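Here is the structure we will look at, set down as structure tokens.
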Amino acid sequence: MDNKIKRIWFMEGFSSQRDIILAVKKFIKEQNLTIEIFASHRENRNEILSVADFAFIEPTEEHQKLPFIINVLAQYHIDVMYIVKNAIWFEQHRTQIEAMGVKLITGGSDIDLLKCSNNKMDFALFMQQHQLPVVPSILIEHLEQLQQHIDNPPYDSLCIKPVHGIYGMGFWRFDDNVSAAKIFSHPEQRVVKPSVYLQLYAAADTFPPMVLMPYLHSPEHSVDMVVNRGEVICAIAREKHGSKQYLKNSGPAYELACRCANIMQADGLVNVQTRMDKSGHPLLLEINMRPSGGVGYTQYSGVNLAGLMVLFHLDILSQAQIQTYCQQHFKTAEVISATSVNEYPENLSNLITISL
């Protein structure tokens, strides 16, 4: 292989890893560039790994992780290493990894702020300290405490979610007027009778820390952005109305999300979510120091965030060039999620075996 070619390595990510790699490949082709894309995963996610130029299977044992990374970097001279999962571990090993000559992108530039972003209660308190408007949050540590708040609601409409979690897992909206069986007949609506919720957790062995919040009926704004150590280079807001999403690059939610990313010293391709209060003012829900599941939708705005992020970190485009590009190419758009199917590749022709 020619070591002068720029290379980026996407380690195991979430569901959007495939969309990100495809977006990057599309963008570098449009720019007439030659960049080699490496991808890896602990599982045989061939639908992801097949779209990269070269693929690895990551070790499942933690003690093998660092030797595996060092071997890959030594053999293939990767320029940028982009990770999504286990960011804290990578920050703890940043010195050893970057000693191999690679630029490591973990989603953040401060390990304490990365930890804060993973705890929804800590994040809410931190935003309050910085005087950013955030959805009110109450820490719930045991069922008796939750029962008290249900009996004497602190807000007009209640919802609850785990202190730690991704993709809305564990989120439920409380409604006394719904059928007790709705949790089984329509779980996708995330609505549950409070008494049913309490009964189910009472029968469980444990009760994880939860955050009780007011449920806001306004559309959610999900803002995807390219950030360099807290400085937002480019961002696209997605205003969600059911299955439809409206893409824009301005507005109060957009501005608030950018301020949040700045305070959190985000780095890479990240996401901030907001909802409006009754007065129409945006409130912060959370920050994801990683790409969102819907980041691929933003390409329909004319701006390829994943591609721009890669070219920035490979020192091909400057911050000023990216901002000019976004101004020239952005367009408002309306998109809708539709079901699509990809054939699963049974074998990988691009798979590389790494010896430990």
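The values are calculated or read from the model by the stated rules, or taken from the named source; none is laboratory data. Keep in mind it's a predicted model, so treat the numbers as computed, not measured. Cβ sites come from the backbone with ideal geometry, for glycine too, and all protein chains shown count toward neighbours. Calculation scope for accessible area: heavy atoms of the full protein, side chains included, ligands and nucleic acids excluded. Shrake-Rupley method; radii C 1.70, N 1.55, O 1.52, S 1.80 Å.
Each row is one residue, and each column tells you yes or no for (1) within 23 Å of Gln323 (Cβ to Cβ); (2) of a type outside the set (Asp, Glu); (3) in contact with a Pro (Cβ under 9 Å, 6 or more places away or on another chain).
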site: Pro214; (1), (2), (3): no, yes, yes
site: Glu220; (1), (2), (3): no, no, no
site: Ile233; (1), (2), (3): yes, yes, no
site: Ala237; (1), (2), (3): yes, yes, no
Which one is surrounded by the most Cβ atoms within 10 Å (Cβ to Cβ) among residues in the stretch 86-96 that are closer than 22 Å to Val270 by Cα and either out of contact with any Lys or Arg (no Cβ under 8 Å at 6 or more places or on another chain) or aliphatic (A, V, I, L, M) (or both)? Phe90
Name the residue that is least open to solvent (accessible area, probe 1.4 Å), counting only residues in the stretch 150-174 that are modelled with pLDDT of 90 or more and out of contact with any Phe, Trp or Tyr (no Cβ under 9 Å at 6 or more places or on another chain). Val163
Quick check on the stretch 26-44. Is at least one of its residues in contact (Cβ under 8 Å) with a residue 40 or more places away in the chain, open to solvent by less than 70 Å² (accessible area, probe 1.4 Å), of a type outside the set (Val, Ile, Thr) and under 22 Å from Leu356 (Cα atoms)? yes
Test each condition in (1) among the hydroxyl-bearing types (Ser, Thr, Tyr); (2) out of contact with any strand residue (DSSP E or B) (no Cβ under 6 Å at 6 or more places or on another chain); (3) touching a residue at least 24 places away in the same chain (Cβ under 8 Å); (4) within 23 Å of Tyr300 (Cβ to Cβ) for Ser222 and report the one that comes out false. (2)
Quickly run through the stretch 35-55 and pick out the residues that are among the acidic types (Asp, Glu) and part of a strand (DSSP E or B). Glu36
Taking the stretch 45-67 and keeping only residues that are free of Cβ contacts under 8 Å to residues at least 60 places away in the same chain and open to solvent by less than 50 Å² (accessible area, probe 1.4 Å), one is left with Ile48, Val51, Glu58, Lys65, Leu66
Lone qualifier among Val303, Val335 - being assigned to a strand (DSSP E or B) and among the hydrophobic types (A, V, I, L, M, F, W, C): Val335
Output the residues belonging to the stretch 166-219 that are farther than 21 Å from Asp151 by Cβ, of a type in the set (A, V, I, L, M) and in contact with a helix residue (DSSP H, G or I) (Cβ under 9 Å, 6 or more places away or on another chain). Ala181
Going by the structure shown, is Asp176 over 29 Å from Ser16 (Cα atoms), over 30 Å from the mean Cα position of the chain (by Cα), of a type in the set (D, E, K, R) and part of a loop (DSSP other than H, G, I, E, B)? yes
